[in-house]
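Peer 1: Could you have a look at this structure, given as C-alpha cells, before my questions?
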Amino acid sequence: MTFSMDSEPQPDMPPHPAAEQESDLDTLLNAHFAGRVVRKDLTQRVKEGANVPVYVLEYLLGMYCATDDPEVIDEGLKNVKTILTDNYVRPDEAEKVKSLVRERGSFKVIDRVTVRLNEKQDCYEAAFSNLGIKDAEISAGIVKEHEKLLVGGIWVIATLSYYHEEGQRGSPFGVSQLKPIQMPHMNMEELFEGRRGFTTDQWREVLIRSIGMEPAELDAEVQWHLLARMIPFVENNYNVCELGPRGTGKSHIYKECSPNSILVSGGQTTVANLFYNMSSRRIGLVGMWDLVAFDEVAGISFKDKDGVQIMKDYMASGSFARGREQMEASASMVFIGNINQSVESLVKTSHLLTPFPDAMIDAAFFDRFHAYIPGWEIPKMRPSFFTQRYGFIVDYLAEFFREMRKRSFADAIDQHFRLGDNLNQRDV
C-alpha cells in the first residue's frame, strides 16, 4: 500500500476502544505514579542485548527513563545502554574486566554475587558469577547488612578494588562497596492513594502490564490465572502448583520479576540447602527468600530420605524441626511442571498430578497446596502478548508485593461466604 504527500485528507477515524482504554491507563499511571512506571517496550529493547533479570534492567530504566517525555526517554535509554556496556560483566569478557580493576585500582561491576565464610582465614569471600572471581574479600558489615548474599546470592552494583603485595595469602580482589539492585524503601500510603484512581478492572490490567503482558490481548480468564501466579509473592506460606504445556511462561515471573524470589531448577536438592544446615547453623532458602519456586517438578529429588517429610511439615505449618531446633519461615512454595499430552487423555489414563516424582505422589502432600493453576488454560506466549505500554517498574511491584506480606486478609472471605461444618480444619 502506498501513500502520497498530496493525497486527499482522510476523515478522522474514531479511535479503537481498546487503544483509547490503553492510552487512558497510560495517562492514569503517569498521573498517579509518576517516576514509578516505565514503558515496557524499553525493557524488551535493552533485554535482547543483556542476559540479566528484568528487575535489574528496570531498576536502571527507573533511574533514567521513568517518564513519558520522549526526549528524556531517549537520553535515559542511552545512559542505561552505556552502563550495561561498561559495567555489566559478560562471562567472555571477564579477564578484560579483571585487568581493568587491576590497572585502575577499583571498578564498578553489575553481577550476581554470593558470599561464603572461609573459616580457616576467618573472613568472608565473595564469588562473582559472570566475572569468575571466587574469593574477593568482603567485610562482615556488608554481609550482615545483606544476608541474602549467603543464600543463593543477589544481583548488585559492586565496587571491586585490587591490592597485591609480596607473600599475600588471600585474593588481591576485594569488595569496597555494594548496592543491591532493588528499591531501598516503599511508601505504601502513596501506593494506596494512587490505587484509588483506578477501577478494579483497570488495576488488574496494571498488574498484568507490570509483568510485561498486554491485557488487551488476553481473555479475562487468562488474566486471572496470571494474577494467581502472583499470590505467593503477597501471601506468607502459600503453596501453589502449576502444571501445563511448555511455552506458557510458567517460570518467568519467579525468575525475572522479583529480587525476593528464587527459582530452583529441577534436580537434586538437600534439606540443608532448602531448610537448615546443621553444621553451619544457618537457615536455608525458605528463611531467606519470600518465595521458593521449583522448576520441572519431575526432576525434584532429595539426597536426604526425610526431605519430602520435612517439606510436608513446612508446607502445613510454616515450621520444621532439625535436630533440637524448631524453625519457622514464611517462604511460599511454588511447583512448576510440564504436561506433555492433552489434559483429556491425561485424565483418562492417570491424574492431573502425574508429573510429580513418585516420592511426592502422596495425598497428604497434595492436601497442602492452596491452589492448582491449570496451565493448559493459558495460551503459549506470542510476541503480541507482550506489552509496549506503561506498567510499574518491576522493582516497585516486587517491593509492593513484599510489603503486602505483612498484612493479613485471612478474614476477607467471611464477608462473602460461610463455610459449612463438613470441612476439616486443613480445608478451612
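The values are calculated or read from the model by the stated rules, or taken from the named source; none is laboratory data. These numbers were taken from a predicted model, which means no experiment stands behind them. Cβ: placed from backbone, ideal geometry, glycine included. Neighbour counts: every protein chain shown.
Peer 1: Which one of these is crowded, with 17+ Cβ neighbours inside 10 Å, touching a residue at least 24 places away in the same chain (Cβ under 8 Å) and not in a loop (DSSP other than H, G, I, E, B): Leu178, Leu131, Leu117?
Peer 2: Leu178
Peer 1: If only one of Val334, Val308, Val347 is among the aliphatic types (A, V, I, L, M) and in contact with a Pro (Cβ under 8 Å, 6 or more places away or on another chain), which one is it?
Peer 2: Residue meeting the stated conditions: Val334.
Peer 1: When you look at Glu193, is it at pLDDT 90 or above and either part of a loop (DSSP other than H, G, I, E, B) or farther than 27 Å from Ala31 by Cα (or both), yes or no?
Peer 2: no
Peer 1: Kindly provide the set of residues from the range 198-237 that are within 25 Å of Leu61 (Cα to Cα), surrounded by fewer than 18 Cβ atoms within 10 Å (Cβ to Cβ) and under 19 Å from the mean Cα position of the chain (by Cα), ordered by number.
Peer 2: Arg204, Leu227 - these are the residues of the range 198-237 that are within 25 Å of Leu61 (Cα to Cα), surrounded by fewer than 18 Cβ atoms within 10 Å (Cβ to Cβ) and under 19 Å from the mean Cα position of the chain (by Cα).
Residue-by-condition table, conditions (1) at pLDDT 80 or above; (2) surrounded by 18 or more Cβ atoms within 10 Å (Cβ to Cβ); (3) farther than 17 Å from Val334 by Cβ; (4) among the aromatic types (Phe, Trp, Tyr):
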{"site": "Ser261", "(1), (2), (3), (4)": "yes, yes, no, no"}
{"site": "Val264", "(1), (2), (3), (4)": "yes, yes, no, no"}
{"site": "Met278", "(1), (2), (3), (4)": "no, no, yes, no"}
{"site": "Arg282", "(1), (2), (3), (4)": "yes, no, yes, no"}
{"site": "Asp290", "(1), (2), (3), (4)": "yes, yes, no, no"}
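Peer 1: Another question, then. Mind checking whether some residue in the range 338-353 is under 21 Å from the mean Cα position of the chain (by Cα), surrounded by 13 or more Cβ atoms within 10 Å (Cβ to Cβ) and touching a residue at least 60 places away in the same chain (Cβ under 8 Å)?
Peer 2: yes
Peer 1: Within the range 292-313, work out how many residues are modelled with pLDDT of 85 or more and over 24 Å from Gly375 (Cβ atoms).
Peer 2: Residues flagged as modelled with pLDDT of 85 or more and over 24 Å from Gly375 (Cβ atoms) within the range 292-313 amount to 3.
Peer 1: On to the next question. For a quick check of your reading of the model, give me the residue pairs whose first member lies in the range 152-175 and is free of Cβ contacts under 8 Å to residues at least 60 places away in the same chain, whose second is part of a loop (DSSP other than H, G, I, E, B) and of a type in the set (Val, Ile, Thr), with beta-carbon atoms closer than 8 Å and at least 6 apart or on different chains.
Peer 2: Val156/Ile181; Leu160/Ile133; Ser171/Ile133
Peer 1: Can you find a residue in the range 85-97 that is under 18 Å from Leu178 (Cα atoms) and aliphatic (A, V, I, L, M)?
Peer 2: yes
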